[in-house]
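One structure below.
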Amino acid sequence: MKTGWRIALYALAAVFVVMGVLVLAGVMEPGRSTITREDDLFSLGMSYMNGEQSADFSLEAGDAIEVTVVQISGDLRMRIACGENVVYEGHNPEMGQFRVNILTDGVYTITVSGQRADGSVTFRMIRDESKGE
């Protein structure tokens, strides 16, 4: 009878060890992000993201980039640059929406980096409609 209880206790302990490993694996899992890149859109949804994502857009003077930030937690950095010319740089920006005006033609690189970042950031290119007239 004692041997049966001992086997049951070892089996129960093994189950708890396996469950603990599975829980820790879920907690320590690397961050994930969902990325949407279209002609005039770069959107990044983050879940415990550690790393960097970027996208390039060809823009002209008079265009703008509409930025929407929903940051829940973690550390978030954003940068918009045309070559060495940085037009916006933010560290843990406030939630909400703002606009970055483009003053010169060029290829603009949008970079988002995070450490344990949760939330979302969307960059929508607003083309200057007056140029078509």
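Quick notes
Every residue, every condition in (1) loosely packed, with under 14 Cβ neighbours inside 10 Å; (2) more than 17 Å from ARG127 (Cα to Cα); (3) among the aliphatic types (A, V, I, L, M); (4) touching an Asp or Glu at 6+ places or on another chain (Cβ under 6 Å), yes or no:
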| position | (1), (2), (3), (4) |
| --- | --- |
| ASN50 | no, yes, no, no |
| ALA61 | yes, no, yes, yes |
| VAL69 | no, yes, yes, no |
| LEU76 | no, yes, yes, no |
| ARG79 | no, yes, no, yes |
| GLU84 | yes, yes, no, no |
| GLY90 | no, yes, no, no |
| GLU94 | yes, yes, no, no |
| ILE102 | no, no, yes, yes |
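- Filtered residue count, region 102-120, keeping only those that are among the polar types (S, T, N, Q) and at pLDDT 95 or above: 3
- Of ARG37, ARG99, ARG32, ARG77, all but one fail to be modelled with pLDDT of 75 or more, touching a strand residue (DSSP E or B) at 6+ places or on another chain (Cβ under 9 Å) and more than 30 Å from SER130 (Cα to Cα); the exception is ARG77.
The values are calculated or read from the model by the stated rules, or taken from the named source; none is laboratory data. What you see is a predicted model; the values in this text were computed from it and never measured. Cβ sites come from the backbone with ideal geometry, for glycine too, and all protein chains shown count toward neighbours.
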